[in-house]
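The next block holds one structure in the form of structure tokens; read it before the comments.
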Amino acid sequence: MSLLEVQGLNVTFRGSVRVVRDVAFSLEAGEVLVILGESGSGKSVTLKALMRLLPRAKTKLSGTVEFDGQDLLAMGEGDLASRRGRDIAMIFQEPALAFDPVFTIGRQIAETVQRHEGVSPDAAMKRARELLDLVQIPSAERRLKAYPHELSGGMRQRAMIALALSCRPKLLLADEPTTALDATVQIQILLLLRRLQRELGMAVILVTHDVGVAVEIADRIAVMYGGRFLETGSVRDIIRTPMHPYTKGLFASTVHGAVRGERLEAIPGNPPNPAELGAGCGFADRCRLVEPECRGTDIAEYRPGGDRMVRCRLVGEPA
Amino acid sequence: MSALPDTRDRGGPNQPLLIVTSLRKYFPIRGGLLNRQVASVQAVDDVSFSVRKGETLGIVGESGCGKSTTARLLMRLIEPDVGQVVFDGEAVGAQDGISVRDLRRSMQMVFQDSYASLNPRLPIESSISFGQRFQGIGKVEAAARSRDLLARVGLEPNRFAQRYPHELSGGQRQRVNIARALALDPRLLILDEAVSALDKSVEAQVLNLLADLKAAFDLTYIFISHDLNVVRYISDRVMVMYLGKVVEIGPVDQVYANPRHPYTSALLSAMPSMDPDHRTEQPPLTGDPPNPINPPSGCRFRTRCAFAEDVCAVAPALTALDPADEHAVSCHRETAGSGHSGAPAS
């Protein structure tokens, strides 16, 4: 059985705006899935929906999210609260906002350990110290007593990873964890996440807009656009033989390796507004290969083999 | 453009469009009982470079390296402490030079945050006309030029001219900002992280647009970015900054293929590999960039540099590597006779 089994996940805001549409995937223990998408594609909302972190009054969730065989979406608030932070932890783009500014780093990590493992304050603080060592924060003893604003951006992100790992989660959700960091720090944090993921055998779902980040860390990639997974597959398959016109266009338009003076192959138009998206392929308005049949009815999944999935009419048809 | 005097090419094609000499800006930090100055942020320290007519100079560096402060100093949005800027042979702000007001007509800037750059209460046509009206161009003429510019940046004037910034997407808003920057027929455009906030698919469109406009309006660009791929794509020469200093400058292909400063090498190897079978195994640097308040003495990179020696306690000067003066680096290891054990024989 998979660690996480998501079926028919739909998220609707304010009654009518469908921001996540029929997302389905499964994740094995110790596997790294990267959800790659541009702003407004629904990638962060998908991640938050898994933990039910979206405001309840304005959001309608449907589908199933089975974690270890239990449906997180059907679970009571109390049960879910005890799983958040213990079995499933989350890290965010901006650690300065994720920490409480008025408590020390050590106290905030120790609090989480106490809450979930019921150990004494001293033992919890000792564990916090070990965690700071684990994420390679130098002079950990001193940093336990530091407030969040006293740490640099990279150190704060390490501290947030320490906090997330404090109860040895089986699944880590990471929402653009390196986007706010400088290039030389970003690669440090990515390598740290990769090492910890391997050593702790933890499954990770990481959301990013950056193809480079995805290639550094992913086992599998899901390309998201207009609230849907348009293409999923192993990192090698997606990078080397993208099949969906959007994925192809995305890679062609990134300047990596482009020759100066030559024009970039840009995708025309703008990413869609989820409120205006109807049925049919969400990419149809920007697709060079669009046909009338692409609109109106939802596009079926096409599975060319392995765990590859493409949601495009034109890929599935015989040549 | 009849209302404006001709500001085009005065110094001739060989006169660099911009010569910057010993530019310095320290921001004071006040504190304590009497609100005295207790420290300073050494944001830009002794920065010199020039920009040739028609080229694109890329400026790269991490946060706090002074790249945006440099841009603001060039535009005189902030006053430099020390230093001289010469625009097409005329010293900026000097008696016999070019006034700041005239400079701002010839030099325009596009910022990263496309929404914050526009007045939310003005339709975009009015935003584009505003600078022209300020410089004394009539209402009708300014409006006509604004609509023409909207068309040039790919926004159909009849559909877009009366829209407000919140009705546009990020890419469209950045096109408006570019149109506004072009409204006064400038010669130099400073693009400060102008495509960084855009989605990749839109970024490519705007980069293509910038290339078209550069050719059409005979522009020179200073392109500031943290994205090394984009800088490589768009720039002719690149300047690498670290903690307020220029560490390396040179032709973009040469710097990327053969970086000479250890920081430039580290920055380049921190780029994601883009190959799942050859992932990055070792981070090129540890730790974060130091705080620009009280930066390290001597070479500012020595606290993170693998090749640091005693001699690095003395600040190295930016030294040309070849007689043509194209590629210059500020590192004792590359300077003959510096005393560094790795220095080339003189």
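Which of (1) over 15 Å from A:Gln186 (Cα atoms); (2) without any contact (Cβ under 8 Å) to a residue 24 or more places away in the chain; (3) buried (at least 20 other Cβ atoms within 10 Å of the Cβ); (4) not hydroxyl-bearing (Ser, Thr, Tyr) is the odd one out, the single condition B:Ala270 does not satisfy?
It is condition (1) that B:Ala270 fails.
Could you name every one of the strands (runs of 3 or more DSSP E) located completely within segment A:212-319 that has at least 3 residues being under 21 Å from the mean Cα position of the chain (by Cα), more than 9 Å from chain B (Cβ to nearest Cβ) and surrounded by 14 or more Cβ atoms within 10 Å (Cβ to Cβ)? Before the answer, list the steps.
Details: elements: A:220-225, A:228-234, A:302-305, A:308-310.
In segment A:212-319, A:220-225, A:228-234, A:308-310 are the strands (runs of 3 or more DSSP E) which contain 3 or more residues that are under 21 Å from the mean Cα position of the chain (by Cα), more than 9 Å from chain B (Cβ to nearest Cβ) and surrounded by 14 or more Cβ atoms within 10 Å (Cβ to Cβ).
Taking B:Ser169, is it of a type outside the set (A, V, I, L, M, F, W, C), facing another protein chain (nearest Cβ under 10 Å) and surrounded by fewer than 24 Cβ atoms within 10 Å (Cβ to Cβ)?
yes
Working only within segment B:245-262, note down all residues that are farther than 17 Å from B:Ile222 by Cβ and more than 9 Å from chain A (Cβ to nearest Cβ).
Going residue by residue through segment B:245-262, those that are farther than 17 Å from B:Ile222 by Cβ are B:245, B:247, B:253-254, B:256-262.
Correct list: B:Lys245, B:Val247, B:Gln254, B:Tyr256, B:Ala257, B:Asn258, B:Pro259, B:Arg260, B:His261, B:Pro262.
Residues to consider are B:Ala215, B:Ala211, B:Ala179, B:Ala183; find the one that is free of Cβ contacts under 8 Å to residues at least 24 places away in the same chain and more than 23 Å from A:Phe251 (Cβ to Cβ). Walk me through it before giving the result.
On the way: B:Ala211 fails: more than 23 Å from A:Phe251 (Cβ to Cβ); B:Ala179 fails: free of Cβ contacts under 8 Å to residues at least 24 places away in the same chain; B:Ala183 fails: free of Cβ contacts under 8 Å to residues at least 24 places away in the same chain.
Among B:Ala215, B:Ala211, B:Ala179, B:Ala183, only B:Ala215 is free of Cβ contacts under 8 Å to residues at least 24 places away in the same chain and more than 23 Å from A:Phe251 (Cβ to Cβ).
Looking at A:Gly69, A:Gly37, A:Gly76 in this structure, which one is in the same structural domain as A:Met224 (by TED's automatic domain parsing) and crowded, with 19+ Cβ neighbours inside 10 Å?
Numbers: A:Gly69 fails: crowded, with 19+ Cβ neighbours inside 10 Å; A:Gly76 fails: crowded, with 19+ Cβ neighbours inside 10 Å.
Result: A:Gly37 is the single residue among A:Gly69, A:Gly37, A:Gly76 that is in the same structural domain as A:Met224 (by TED's automatic domain parsing) and crowded, with 19+ Cβ neighbours inside 10 Å.
For segment A:287-297, how many residues meet the condition of being out of contact with any helix residue (DSSP H, G or I) (no Cβ under 6 Å at 6 or more places or on another chain) and in contact (Cβ under 8 Å) with a residue 24 or more places away in the chain?
1
Please tell me if A:Arg52 is assigned by TED's automatic domain parsing to the domain that holds A:Asp219 and closer than 29 Å to B:Ser169 by Cβ.
Values: assigned by TED's automatic domain parsing to the domain that holds A:Asp219: yes; closer than 29 Å to B:Ser169 by Cβ: no.
Against the criterion (assigned by TED's automatic domain parsing to the domain that holds A:Asp219 and closer than 29 Å to B:Ser169 by Cβ), A:Arg52 does not qualify.
Restricting attention to segment A:108-139, report how many residues are part of a helix (DSSP H, G or I), in contact (Cβ under 8 Å) with a residue 24 or more places away in the chain and either under 17 Å from A:Met160 (Cβ atoms) or touching a Gly at 6+ places or on another chain (Cβ under 8 Å) (or both).
The initial filter retains those residues of segment A:108-139 that are part of a helix (DSSP H, G or I), namely A:108-117, A:121-134.
Adding the requirement that they be in contact (Cβ under 8 Å) with a residue 24 or more places away in the chain leaves A:108-109, A:112-113, A:115-117, A:127-128, A:131-132, A:134.
Imposing the further condition that a residue be either under 17 Å from A:Met160 (Cβ atoms) or touching a Gly at 6+ places or on another chain (Cβ under 8 Å) (or both) reduces the set to A:108-109, A:112-113, A:115-116, A:127-128, A:131-132, A:134.
Result for segment A:108-139: 11.
Residue by residue through segment B:90-105, note down the ones that are part of a helix (DSSP H, G or I), buried (at least 20 other Cβ atoms within 10 Å of the Cβ) and not basic (Lys, Arg).
Selection gives B:Leu103 alone.
So, of the residues in segment A:155-191 that are of a type in the set (Ser, Thr, Tyr) and surrounded by 22 or more Cβ atoms within 10 Å (Cβ to Cβ), which turns out to be farthest from the chain's Cα centre (by Cα)? Show your work before the answer.
Quick first cut of segment A:155-191, residues of a type in the set (Ser, Thr, Tyr) only: A:166, A:178-179, A:184.
Applying the additional criterion that residues be surrounded by 22 or more Cβ atoms within 10 Å (Cβ to Cβ) yields A:166, A:178, A:184.
Details: A:Ser166: 20, A:Thr178: 12, A:Thr184: 22 Å.
Checking each candidate, the answer is A:Thr184.
Inspect segment B:296-310 for any residue being part of a loop (DSSP other than H, G, I, E, B) and closer than 25 Å to B:Ser235 by Cα and give the result as yes or no. Spell out the reasoning first.
Applying the first criterion (part of a loop (DSSP other than H, G, I, E, B)) to segment B:296-310 yields B:296-309.
Restricting the remaining residues to those that are closer than 25 Å to B:Ser235 by Cα gives B:301.
Scanning segment B:296-310 turns up at least one residue that is part of a loop (DSSP other than H, G, I, E, B) and closer than 25 Å to B:Ser235 by Cα.
Anything in segment B:191-237 that is aromatic (Phe, Trp, Tyr) and within 9 Å of chain A (Cβ to nearest Cβ)? List them, or say none. First the steps, then the outcome.
Start the filter on segment B:191-237 by keeping residues that are aromatic (Phe, Trp, Tyr), which leaves B:217, B:221, B:223, B:233.
Hit for segment B:191-237 is B:Tyr233, nothing else.
How many residues does segment B:316-346 contain that are of a type in the set (A, V, I, L, M, F, W, C) and without any contact (Cβ under 8 Å) to a residue 40 or more places away in the chain? Show your work before the answer.
Of segment B:316-346, the ones of a type in the set (A, V, I, L, M, F, W, C) are B:317-318, B:320-321, B:324, B:328-329, B:331, B:336, B:343, B:345.
From what is left, the residues that are without any contact (Cβ under 8 Å) to a residue 40 or more places away in the chain are B:317, B:320, B:324, B:336, B:343, B:345.
So the answer is 6.
Among the numbered conditions (1) at pLDDT below 95; (2) closer than 20 Å to A:Arg86 by Cβ, tell me where A:Asp182 comes up short.
Failing condition for A:Asp182: (2).
Restricting to segment B:111-125, name every residue that is in a helix (DSSP H, G or I) and under 17 Å from the mean Cα position of the chain (by Cα).
none
Check off (1) more than 9 Å from chain A (Cβ to nearest Cβ); (2) touching a helix residue (DSSP H, G or I) at 6+ places or on another chain (Cβ under 6 Å) for B:Tyr164 and give me the number that stays unchecked.
With (1) more than 9 Å from chain A (Cβ to nearest Cβ); (2) touching a helix residue (DSSP H, G or I) at 6+ places or on another chain (Cβ under 6 Å) applied to B:Tyr164, the lone miss is (2).
A:Arg107 fails exactly one of the following numbered conditions: (1) more than 30 Å from A:Leu9 (Cα to Cα); (2) not assigned by TED's automatic domain parsing to the domain that holds A:Leu163. What is the number of that condition?
(2)
Restricting to segment B:312-346, name every residue that is more than 31 Å from the chain's Cα centre (by Cα) and not small (Gly, Ala, Ser).
B:His340, B:Pro344
Give the residues of segment B:15-70 that are small (Gly, Ala, Ser), within 15 Å of the chain's Cα centre (by Cα) and in a strand (DSSP E or B), sorted by residue number.
Selection gives B:Ala43, B:Ser48, B:Ser50, B:Gly58.
In this structure, is B:Phe87 crowded, with 18+ Cβ neighbours inside 10 Å and under 30 Å from B:His261 (Cβ atoms)?
Values: crowded, with 18+ Cβ neighbours inside 10 Å: yes; under 30 Å from B:His261 (Cβ atoms): yes.
Here the answer is yes, as B:Phe87 does meet what is asked.
Residue under question is A:Leu277, and the condition is that it be at pLDDT below 95 and touching a Lys or Arg at 6+ places or on another chain (Cβ under 8 Å); does it hold?
yes
Which residue, of A:Arg115, A:Arg83, A:Arg129, is within 20 Å of the chain's Cα centre (by Cα) and basic (Lys, Arg)?
Only one candidate qualifies: A:Arg83.
Is one or more of the residues making up segment A:226-239 under 16 Å from B:Thr280 (Cα atoms), of a type in the set (D, E, K, R) and without any contact (Cβ under 8 Å) to a residue 12 or more places away in the chain?
Taking segment A:226-239 first, the residues under 16 Å from B:Thr280 (Cα atoms) are A:235-236.
If we keep only those that are of a type in the set (D, E, K, R) too, we end up with A:236.
From what's left, without any contact (Cβ under 8 Å) to a residue 12 or more places away in the chain: A:236.
Looking through segment A:226-239, at least one residue is under 16 Å from B:Thr280 (Cα atoms), of a type in the set (D, E, K, R) and without any contact (Cβ under 8 Å) to a residue 12 or more places away in the chain.
Let's see how each residue does on (1) touching a residue at least 24 places away in the same chain (Cβ under 8 Å); (2) touching a Gly at 6+ places or on another chain (Cβ under 7 Å); (3) of a type outside the set (Gly, Ala, Ser); (4) over 27 Å from B:Ile224 (Cβ atoms):
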site	(1), (2), (3), (4)
B:Gly64	yes, no, no, no
B:Gln84	yes, no, yes, no
B:Met109	yes, no, yes, no
B:Ile128	yes, no, yes, no
B:Gly131	yes, no, no, no
B:Leu150	yes, no, yes, no
B:Asn158	no, no, yes, yes
B:Pro165	yes, no, yes, no
B:Leu168	yes, no, yes, no
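Here are some residues: B:Pro276, B:Pro290. Which one is buried (at least 19 other Cβ atoms within 10 Å of the Cβ) and farther than 19 Å from B:Ile249 by Cα? Don't jump to the end; show me each part of the working.
Values: B:Pro290 fails: buried (at least 19 other Cβ atoms within 10 Å of the Cβ).
Within the list B:Pro276, B:Pro290, the selection yields B:Pro276.
Residue by residue through segment A:1-12, note down the ones that are at pLDDT below 95 and of a type outside the set (Ser, Thr, Tyr). Spell out how you get there, then give the answer.
First pass over segment A:1-12, keeping only residues at pLDDT below 95: A:1-2.
Answer for segment A:1-12, where residues must be at pLDDT below 95 and of a type outside the set (Ser, Thr, Tyr): just A:Met1.
The values are calculated or read from the model by the stated rules, or taken from the named source; none is laboratory data. Everything numeric in this text was worked out from a predicted model, so none of it was measured. Positions of Cβ are backbone-derived with ideal geometry, glycine not excepted, and every protein chain shown enters the neighbour counts.
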